[in-house]
There are 2 protein chains.
Amino acid sequence: MLSYSAPLQDMQFVLNDFLDSEQHYSSLSGCELVTTELLDAILDNAARFAENVVAPTFQSGDEHGCTFDQGVVTTPPGFADAFHQWGQGGWQALTVPAAEGGQGLPGSVGMYVTELIGSANWAWSMYGGLSGAPVSCLINGGTAELKQRFLPKLLTGEWAGTMCLTEAHCGSDVGLLRTRASANADGTWTITGTKIFISGGEQDITDNIVHAILARVEGAPAGTAGISLFLVPKIWVNEDGSLGESNRVSCGSIEHKMGLKGSATCVMNYDGARGFMLGQENAGLKVMFKLMNTARIGTALQGLTMSERSYQGARTYAKDRLQMRALTGAKNPDGPADPIIVHPDVRRMLMTQRALSEGARAFLYWLAQLSDLVTQGDKQQAEEASALLELLTPIAKGFCTETAQEVSYLGMQVFGGHGYISEHGMEQVARDNRIATVYEGTTGIQSLDLIGRKVMGSGGQLLRNFTKIIHRFCQEQQHNHDMAVFIPRLQELNGQWGQLTQELGEGAVENPDVIGTASLDYMMYSGYVAFAYIWARIALVSQNKLAAGAGGADFYRAKCTTARFYFERLLPRTRALAESMLADPESIMALSEDAF
Amino acid sequence: MLSYSAPLQDMQFVLNDFLDSEQHYSSLSGCELVTTELLDAILDNAARFAENVVAPTFQSGDEHGCTFDQGVVTTPPGFADAFHQWGQGGWQALTVPAAEGGQGLPGSVGMYVTELIGSANWAWSMYGGLSGAPVSCLINGGTAELKQRFLPKLLTGEWAGTMCLTEAHCGSDVGLLRTRASANADGTWTITGTKIFISGGEQDITDNIVHAILARVEGAPAGTAGISLFLVPKIWVNEDGSLGESNRVSCGSIEHKMGLKGSATCVMNYDGARGFMLGQENAGLKVMFKLMNTARIGTALQGLTMSERSYQGARTYAKDRLQMRALTGAKNPDGPADPIIVHPDVRRMLMTQRALSEGARAFLYWLAQLSDLVTQGDKQQAEEASALLELLTPIAKGFCTETAQEVSYLGMQVFGGHGYISEHGMEQVARDNRIATVYEGTTGIQSLDLIGRKVMGSGGQLLRNFTKIIHRFCQEQQHNHDMAVFIPRLQELNGQWGQLTQELGEGAVENPDVIGTASLDYMMYSGYVAFAYIWARIALVSQNKLAAGAGGADFYRAKCTTARFYFERLLPRTRALAESMLADPESIMALSEDAF
């Protein structure tokens, strides 16, 4: 049985010591009440909910999975009850603006809570997570009347929702979608088509399900220019908010998947279903993309949750499991063998897990603050944060989900053969984790978005916004002797990042495939440098705490050691990426299709 | 549905062009009859058996899995029938010496056949694979009478067998085992204990199951010096070979695993079971280790099989799936989108799969030849081959199974969201594959074996045996202009390999943890250099074929391109490994246990 213990100490380190949350929230318009005390209380409550209500559904949810019988989906035991508690506790409305009926907390707080419940059981958390899709679409594209009709019950968790984008023949290429919509005389629309991979498309948890659907109005332009957004309830909702008759919405089947088995992934048929348009005709993607950017950081968070969960399992096992003696002499001479945590290679695995998961937490929590600034900072703050997020979001999604694969891989490896056995839960973490590099845009798509649309598309400006921040930090710390392990290396990589970008940009003039063949290496390189900046800052904060004689010295010393581990053992990977990305595209592009 | 097509063209390229098998077999004592024609016929038959009989059990075997009810294990539909055909076809006896009742083909031929049936369904192939364990133990440690009693039915597949090593508290650390044996007056032994993770420990396929068991004779020395090997049949076998009464052997349960669900992984109870000792008292490990070295190459082969299977799925999907346009202009202008194989990042993934799986095939088939030389070459050949295998076996097991994880990961990634769905089979390949870096010694154990026992333990001699071969090859080719992409880089890495070894050896004098903290990086580095040597040789062979105007020019050109891809896009990883392995052990070792 894999237990879960909320990592509140590290979360509070990031929020208080690393990010100075109190100052952050006090500077945001309308967030002055988010004091350290309030934030602590929210996280404590969320931690208890995650540990006591959600975590017990983790392994049983995988074992039972969802079942499908004649259009009816049954979720695993305990899922519905936990979801009702979640709704009643006000969690679903946590970050919805007060004007829309929510609790009005900043989005960052929602992300911190997502870490907790997502670590406890990501599959379960998806029902609430996807419910946020119609909420966001309504807020960004719904009339006051529609909001009034749908939002209240979505916010209490009495109803849930979905985001319907993918069709069998179109995943990454959304412009190909075929689901069509035609206008009715009463202002509603009739939707017809089939969507696949719809999380929570059907379930036995809530009384109604509200689908946000991308479809094409008849006669609309081809491609992405002709896509509109619709809201289609499973059961019709009357103007007074009461439930009417069943809509023409049905679940055709659910997918058998590698993991996240507690999350129902549905084929949804809309067979002349009635719904409402959100936003302008042919401009549905604009409304939805506001959601998608947040969703990408949300998926990056999945990487963090799986990493945290895997690390917790591995460190416990490594201290308990007795096997062989330390090469430097017995550490547990009275026992039959030493705990495996004495072995350097086991420690290497645990330190890798730590460096990547704690680094992800600090990085993503910072991005959460930037997201707050976009919506609630002053104009200049919003613009700067927005520009940074354009660059950092594909890095966060790509890098944090890819490195999370390594972390959950190592977690199994620490367990040896027992990691392969379901009862320990480690293989489930790896299976649940595996989709994170795929949905919300594959790693390949994130990489192209980063190098193509963001970096090259801005003539390098979006990148320079960030490298200047790193450069300034390095300048400030260049005479700090205690930071000598970090600063010269960070400075060097920061400069190399720009040079590589320039070289690839020049190469692309001759051969556009230079960008595509380099994209993955470039994204990973960017992630390692971003994490290097984060870890250097963590080291500085920790050194300052130690110098000031703060309590918890062991904790801060561990941070300094982990930062050093990151720089010495993981950051060298940039050498490989820098060399590989500059190679001639030919060896990738030369073979004819037939040669494969 | 994931299909399987035996890669006979590439196998024949490796066997004929790369390894000159005909010359190899004609030089082995007793193998003169293994002509190219015979080998082709064997592989053709094995390919048909793999494709038509074994492959159909792949996905259904995973879906049904094994079930357990009151001591009885039921294997998936079709497993028993396929196994009976396997036995009746003589495959189980293929490489057993003629003097022992087998077909007397060299061990290498068995490995090539293992690739085929293992790719078709590794879980199924384990029943026959593990049956080889008591066969090998009998041949190496059994009396003539015991061989006569057990071998014939093991070789026809009427009976199967197991290797029982692991206990709940001892996996890698075999010296801790507690299963005990006491002598009976009639020369037999009584075995008592519980073994876990016993593949095929119980099944409904064969009339009897013969267990090879490591146990400790009462009063034996502690640790590995007191371990003996026993043969314990599920049903007693009388001297005339007929079946007697049931032995005190029972299956307590089977494991629920991430993958290989068609292979029954059993908890086996020996409750005063009667058996025979094989080999000398307290020298059981010596008999078993002969098996273990071959088993490690066999597990390395699993990496190859999963890589091949994943690549086959990915290349087919990449040609079929239409999604977005090539950045360099539409390649399928009449269709709604281009096949995703036009996208550079998809090609990067496919080329990575190719480079690692074709490289593994060439490398492992060469090791198979070396294994032949150990048993059937002249004295000098045997000594040289044996020394090379000591070095290369942990590299093969560690590197080929680790890189296979990357390959099966990429296979899912090419499929996007569909890779996560069970019906496509790609996620099953990844799950089945996942155990390969764990059993037969984890990657960590292989890495320590390589750097500690083999390289440092021989004062570097075992390494120099190989680097000299690479050096000689580079010398021979240094003026070959067509090889200029490969030779200087290979020469450089070959030299660096020695330097790194020396530096680590010197560091270890001061701090023994230098070895343990560097071990994984060192093993992976060694693998990349070994594959570089293999790919350079493949490029040379292919260039020579092209220069000679041989048929199949596209095939040879693809080899040259893939070699270049390997050197330009994968080999740079050695830069990261070389830097990381030399870092101070402190950041790995410094934290106290409590800090985790």
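The values are calculated or read from the model by the stated rules, or taken from the named source; none is laboratory data. Keep in mind it's a predicted model, so treat the numbers as computed, not measured. All Cβ positions, glycine included, derive from the backbone under ideal geometry; neighbour counts span all protein chains shown.
Quick notes
- Residues of region B:422-435 classified as out of contact with any strand residue (DSSP E or B) (no Cβ under 8 Å at 6 or more places or on another chain) and either without any contact (Cβ under 8 Å) to a residue 60 or more places away in the chain or at the interface with chain A (Cβ under 10 Å from one of its Cβ atoms) (or both), total: 6
- Within the set A:Glu51, A:Glu100, A:Glu22, the sole residue that is touching a residue at least 40 places away in the same chain (Cβ under 8 Å) and more than 23 Å from A:Ile139 (Cα to Cα) turns out to be A:Glu51.
- Counting the residues of region B:302-317 that are farther than 13 Å from B:Asp432 by Cα, touching a helix residue (DSSP H, G or I) at 6+ places or on another chain (Cβ under 9 Å) and not charged (D, E, K, R) gives 5.
- Of all residues in region A:270-283, those that are more than 12 Å from A:Ile227 (Cβ to Cβ) have Cβ atoms under 6 Å from Cβ atoms of residues that are surrounded by fewer than 20 Cβ atoms within 10 Å (Cβ to Cβ) and of a type outside the set (Ser, Thr, Tyr), 6 or more apart or on another chain, in A:Asp271/A:Arg248; A:Gly272/A:Arg248; A:Ala273/A:Arg248; A:Phe276/A:Leu146.
Matching residues to (1) over 20 Å from A:Ala360 (Cα atoms); (2) touching a Leu at 6+ places or on another chain (Cβ under 7 Å); (3) among the basic types (Lys, Arg):
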{"residue": "A:Val267", "(1), (2), (3)": "yes, no, no"}
{"residue": "A:Asp271", "(1), (2), (3)": "yes, no, no"}
{"residue": "A:Gln280", "(1), (2), (3)": "yes, no, no"}
{"residue": "A:Val287", "(1), (2), (3)": "yes, yes, no"}
{"residue": "A:Gln302", "(1), (2), (3)": "no, no, no"}
{"residue": "A:Glu308", "(1), (2), (3)": "no, no, no"}
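- For region B:394-413, the condition of being among the charged types (D, E, K, R), farther than 24 Å from A:Glu440 by Cβ and either buried (at least 24 other Cβ atoms within 10 Å of the Cβ) or at the interface with chain A (Cβ under 9 Å from one of its Cβ atoms) (or both) holds for at least one residue.
- When A:Phe49, A:Phe68, A:Phe58, A:Phe18 are checked against the criterion of being of a type in the set (A, V, I, L, M, F, W, C) and in contact with a strand residue (DSSP E or B) (Cβ under 6 Å, 6 or more places away or on another chain), a single residue qualifies: A:Phe68.
- For B:Gly419, the criteria (1) in contact (Cβ under 8 Å) with a residue 40 or more places away in the chain; (2) within 12 Å of chain A (Cβ to nearest Cβ); (3) crowded, with 24+ Cβ neighbours inside 10 Å hold in every case but one, which is (1).
- A:Phe466 fulfils the conditions (1) surrounded by fewer than 20 Cβ atoms within 10 Å (Cβ to Cβ); (2) more than 12 Å from chain B (Cβ to nearest Cβ); (3) in contact (Cβ under 8 Å) with a residue 60 or more places away in the chain except for a single criterion, (1).
- Candidate set: region B:233-260, residues that are polar (S, T, N, Q) and in a loop (DSSP other than H, G, I, E, B); chosen: the one nearest to the chain's Cα centre (by Cα): B:Asn247
- Pairs linking a residue in region B:116-130 that is under 19 Å from B:Thr156 (Cα atoms) to a residue that is part of a helix (DSSP H, G or I) and aliphatic (A, V, I, L, M), with Cβ atoms under 6 Å and 6 or more positions apart or on different chains, are B:Ile117/B:Ala50; B:Ile117/B:Val54; B:Trp124/B:Val54; B:Ser125/B:Ile117.
- Filtered by the rule that a residue be more than 9 Å from every other protein chain (Cβ to nearest Cβ), surrounded by fewer than 23 Cβ atoms within 10 Å (Cβ to Cβ), of a type in the set (Lys, Arg) and under 26 Å from the mean Cα position of the chain (by Cα), region B:533-589 gives a lone residue, B:Arg537.
- Extreme residue, farthest from the other protein chains (Cβ to nearest Cβ), among residues of region A:302-360 that are more than 21 Å from B:Gly171 (Cα to Cα) and among the basic types (Lys, Arg): A:Arg309
- Exactly one residue out of B:Thr224, B:Thr192, B:Thr162, B:Thr166 is surrounded by fewer than 23 Cβ atoms within 10 Å (Cβ to Cβ) and more than 14 Å from chain A (Cβ to nearest Cβ): that is B:Thr192.
- Residue that is farthest from the chain's Cα centre (by Cα) [pool: residues in region B:279-329 that are assigned to a helix (DSSP H, G or I) and of a type in the set (Lys, Arg)]: B:Lys319
- Comparison of B:Ile254, B:Ile205, B:Ile213, B:Ile235 shows that the only residue that is of a type in the set (Val, Ile, Thr), in contact with a Leu (Cβ under 6 Å, 6 or more places away or on another chain) and in contact (Cβ under 8 Å) with a residue 24 or more places away in the chain is B:Ile235.
- B:Ala215 more than 14 Å from chain A (Cβ to nearest Cβ), farther than 29 Å from B:Thr57 by Cβ, modelled with pLDDT of 95 or more and part of a loop (DSSP other than H, G, I, E, B): no
- Residue in region B:170-180 that is surrounded by fewer than 18 Cβ atoms within 10 Å (Cβ to Cβ), more than 14 Å from every other protein chain (Cβ to nearest Cβ) and in a loop (DSSP other than H, G, I, E, B) present: no
- Qualifying residues in region B:442-462 (those that are at the interface with chain A (Cβ under 10 Å from one of its Cβ atoms) and not polar (S, T, N, Q)) - the one farthest from the chain's Cα centre (by Cα): B:Gly452
- Selection within region B:577-596 - assigned to a helix (DSSP H, G or I) and in contact (Cβ under 8 Å) with a residue 24 or more places away in the chain: B:Leu577, B:Ala578, B:Ser580, B:Met581, B:Ile588, B:Met589
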